[in-house]
Amino acid sequence: MIPKIEISADVTVREQPTKTYKMELYKGNYILGFVDSQKAMEQAIYKIIRTERYKYIIYSWNYGIELEDLFGMPVEYCIVELERRISEALLQDNRITAVHSFEFDTENERGTVLIKKFIAETLFGKIQIDNGLSVAII
């Protein structure tokens, strides 16, 4: 017989703050102080979509996005998969509630699919990401 123990305790669920180090993301990843709320979410989104999932043991398997297997695939396939994979990767963060309004550029001389922009709805409001992410298709 397995003993049964009943524990009665009050559990309070607290939302963790989003305060984090501010990184200069576009000029070399320098630390420049702190950010909170919407700016912290923008930074989290940037980091998630630029981290290859399963590649770095420091991150859980729920963090990042799978992009490497898209290299060399047909454009139409890449566009559909990028939408799905970005949404899936970002929705792993419980502060992000929806991802939509994707715009892609496939007409460029580099032979890539460029994500021009998309919108992530978060607990802190809508965030438009428009700094580009590209996948080589040649």
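For the stretch 25-73, which positions are free of Cβ contacts under 8 Å to residues at least 60 places away in the same chain, among the β-branched types (Val, Ile, Thr) and under 18 Å from Ile86 (Cβ atoms)?
Across the stretch 25-73, the qualifying residues are Ile48, Thr51, Ile65.
Among the listed residues Val99, Val135, which satisfies the condition of being buried (at least 17 other Cβ atoms within 10 Å of the Cβ), at pLDDT 90 or above, in contact with a Leu (Cβ under 8 Å, 6 or more places away or on another chain) and over 22 Å from Lys22 (Cα atoms)?
Val99
Can Asp105 be described as at pLDDT below 95, within 19 Å of Tyr54 (Cα to Cα) and charged (D, E, K, R)?
No.
Which number in (1) surrounded by 13 or more Cβ atoms within 10 Å (Cβ to Cβ); (2) over 17 Å from the mean Cα position of the chain (by Cα) marks the one condition that Arg53 misses?
(2)
Please verify whether the stretch 77-91 includes one or more residues that are surrounded by 14 or more Cβ atoms within 10 Å (Cβ to Cβ), closer than 22 Å to Asp130 by Cα and modelled with pLDDT under 85.
no
Determine whether Ile119 is in contact with a His (Cβ under 7 Å, 6 or more places away or on another chain) and hydrophobic (A, V, I, L, M, F, W, C).
Yes; evaluated as a whole, the condition is true for this residue.
Does the stretch 108-128 hold any residues that are loosely packed, with under 12 Cβ neighbours inside 10 Å and closer than 15 Å to Ile49 by Cα, and which are they?
Selection gives Gln128 alone.
If you scan the stretch 111-129, which residues turn out to be closer than 24 Å to Pro74 by Cβ and among the hydroxyl-bearing types (Ser, Thr, Tyr)?
The answer is Thr112, and nothing else.
The values are calculated or read from the model by the stated rules, or taken from the named source; none is laboratory data. Here the structure is a predicted model, which is why all the values come from computation and not from measurement. Positions of Cβ are generated from backbone atoms using ideal geometry, with glycine treated the same way; all protein chains shown enter the neighbour counts.
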